[in-house]
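See below for the structure under consideration.
Please treat every number below as a calculation from the coordinates, not as lab data. Source: prediction; values computed, not measured. Note: ideal-geometry Cβ built from the backbone for every residue, glycine included; neighbour counts use all protein chains shown.
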Amino acid sequence: MIKKRYADRRDWRRITQRHYVHEQVENEVFNGHVTLLQLIEVTSPLDVRYGDEIVRIADAGYVWVRLGTTIPNRCPSCRDLDV
């Protein structure tokens, strides 16, 4: 079963205030979805471990930009993303 994910991270309870924008782009350079998520207020930052390092990936003031191509087989993780 595919787990449904949301580009606006509505299922993240730590984000208490956000700004979200979604655009469909079709031109000679890129075809797909472009999403921008601005984390305005969070209850606590999110740190994850990458190898030997701890990296903060979410905190107040952070901005996430995600590109998801609509070209088949180019972005398998984008298929289950609800924009």
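Could you pull out the GluC sites (Glu not before Pro) across region 1-44 that fall in loop regions by DSSP (anything but H, G, I, E, B) with no more than 16 other Cβ atoms inside 10 Å?
On the way: sites: Glu23, Glu26, Glu28, Glu41; in loops: Glu28.
Taking region 1-44 and a limit of 16 other Cβ atoms within 10 Å, the loop GluC sites (Glu not before Pro) found are Glu28.
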Of region 48-67, those with amide N under 17 Å from the point 7 Å along the Cα→Cβ vector of Val34 are 63-67
